[in-house]
């Protein structure tokens with residue numbers, strides 16, 4: 001693992017302890033997840049107890065301690081999305097991808113996750129694919145999105 | 001200084017003193033599982049819930065972290081408080097139905113069968129172990145991880161922590177006895193943290209008396225005589241007594 005990348009990220013925030021969340025976000029962007037080695041290294045470089053860094057990393061849904069796939073699909077299961085059928089969308093995705101929420105396909109192409117609200121309830125049900133929000137999802141729309149994703 | 005009323009007693013207290021401390025001085029017992037006078041209040045167990053009336057408005061607050069304010073009226077045993085406390089105990093009992101301390105509280109408050117099931121979890125997430133490890137010991141070996149129903153106390157990555165010095169302060173403070181500490185044949189084991197630490201043998205009697213890592217930790221921080229790290233407290237006491245006796249009558 002290239003820990004110099006972690007050093008670069010920390011330097012960008014001037015070794016500021018308070019910036020730990022932003023640092024973790026950048027580490028995740030770099031490695032696509034939070035590797036144990038990177039967390040341990042960042043904690044020691046910033047002189048923050050590893051316990052604190054680990055607490056943060058496991059607290060936020062946006063962080064993942066497991067390697068994520070190349071593409072990330074996040075299904076919102078907030079109240080508004082839920083009543084508009086988000087569960088059915090999620091089940092369809094699980095069926096099509098052959099994985100459960102929180103898992104990654106064996107070929108490391110797609111990770112499927114859920115979130116409890118994205119704050120865009122009017123668009124519900126929402127599915128986020130690689131940072132792009134797809135509102136008013138339907139079964140048909142899910143099919144076409146998966147088709148596009150397979151070509152990428 | 002501010003003046004406030006607790007259960008009808010008008011008292012003076014330093015501003016911002018936690019209510020639980022003032023009540024204790026008055027001999028009013030407020031139940032708690034997560035408060036310890038040596039640690040920062042945390043307000044997680046909610047058991048110390050009391051009613052505070054301020055500017056004519058009454059609300060439930062936790063006495064361990066609610067600061068003394070001028071003119072407030074505190075009720076620690078009002079009907080509303082007891083009702084709230086009963087529910088808290090019922091919830092705790094649902095989570096940890098086998099914990100003795102919670103069974104005793106349930107008995108005291110007349111909580112019978114918890115309506116929310118009888119879980120066999122042993123940790124109530126009071127955070128005493130986490131706080132003593134970081135605030136007093138300074139080892140930072142354990143912390144809260146995850147959140148919501150997955151929240152638990154553990155070492156980073158759930159693997160044996162390098163930071164743990166095996167002092168056992170966590171096990172000592174745990175109200176539900178969820179942290180088991182065992183000294184077997186020169187090794188201290190804390191199973192919950194997946195930790196084992198070799199113990200130091202007393203150079204006089206040969207008994208094991210403290211984890212080597214803990215002694216090293218203290219040695220690096222305090223300038224203490226070497227014998228403290230070599231001899232067990234019993235042998236040291238004996239040797240000091242002998243030294244005093246050797247001086248004879250002064």
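The values are calculated or read from the model by the stated rules, or taken from the named source; none is laboratory data. Keep in mind it's a predicted model, so treat the numbers as computed, not measured. Glycine gets a Cβ as well: all are built from the backbone with ideal geometry, and neighbour counts include every protein chain shown.
Restricting attention to region A:71-93, the residues that are in contact with a strand residue (DSSP E or B) (Cβ under 7 Å, 6 or more places away or on another chain) and either surrounded by fewer than 19 Cβ atoms within 10 Å (Cβ to Cβ) or within 14 Å of chain B (Cβ to nearest Cβ) (or both) total 3. Could you tell me whether region B:86-95 includes any residue that is farther than 15 Å from residue B:170 by Cβ, free of Cβ contacts under 8 Å to residues at least 12 places away in the same chain and assigned by TED's automatic domain parsing to the domain that holds residue B:62? Scanning region B:86-95 turns up at least one residue that is farther than 15 Å from residue B:170 by Cβ, free of Cβ contacts under 8 Å to residues at least 12 places away in the same chain and assigned by TED's automatic domain parsing to the domain that holds residue B:62. Name every residue in region B:165-180 that is part of a loop (DSSP other than H, G, I, E, B) and farther than 22 Å from residue A:40 by Cα, in order of residue number. Residues satisfying the conditions are B:167, B:168, B:174, B:175, B:176, B:177, B:178, B:179, B:180.
The helices (runs of 4 or more DSSP H) falling completely within region A:1-66 that include 1 or more residues that are crowded, with 19+ Cβ neighbours inside 10 Å and more than 14 Å from chain B (Cβ to nearest Cβ) map to A:3-12, A:20-31.
Criterion applied to B:112, B:86, B:98 was being touching a helix residue (DSSP H, G or I) at 6+ places or on another chain (Cβ under 6 Å) and surrounded by fewer than 20 Cβ atoms within 10 Å (Cβ to Cβ), and the one residue passing it is B:86.
Please determine, by comparing only the residues of region B:123-134 that are away from every other protein chain (no Cβ under 11 Å) and free of Cβ contacts under 8 Å to residues at least 60 places away in the same chain, which one is nearest to residue A:61 (Cα to Cα). Within region B:123-134, the match that is nearest to residue A:61 (Cα to Cα) is B:123. Taking the stated definitions as given, is residue B:57 surrounded by fewer than 16 Cβ atoms within 10 Å (Cβ to Cβ) and out of contact with any strand residue (DSSP E or B) (no Cβ under 8 Å at 6 or more places or on another chain)? Spelling it out, residue B:57 is indeed surrounded by fewer than 16 Cβ atoms within 10 Å (Cβ to Cβ) and out of contact with any strand residue (DSSP E or B) (no Cβ under 8 Å at 6 or more places or on another chain).
Just to be sure, is residue B:106 without any contact (Cβ under 8 Å) to a residue 24 or more places away in the chain and surrounded by 15 or more Cβ atoms within 10 Å (Cβ to Cβ)? Judged against the criteria, residue B:106 is a match.
I'm trying to understand the selection: among the residues of region B:135-150, which are facing chain A (nearest Cβ under 9 Å), closer than 26 Å to residue B:38 by Cα and outside any loop (DSSP other than H, G, I, E, B)? Residues satisfying the conditions are B:143, B:144, B:145.
Looking only at region B:151-164, residues that are within 11 Å of residue B:125 (Cα to Cα) and either part of a helix (DSSP H, G or I) or within 7 Å of chain A (Cβ to nearest Cβ) (or both) come to 0 in all.
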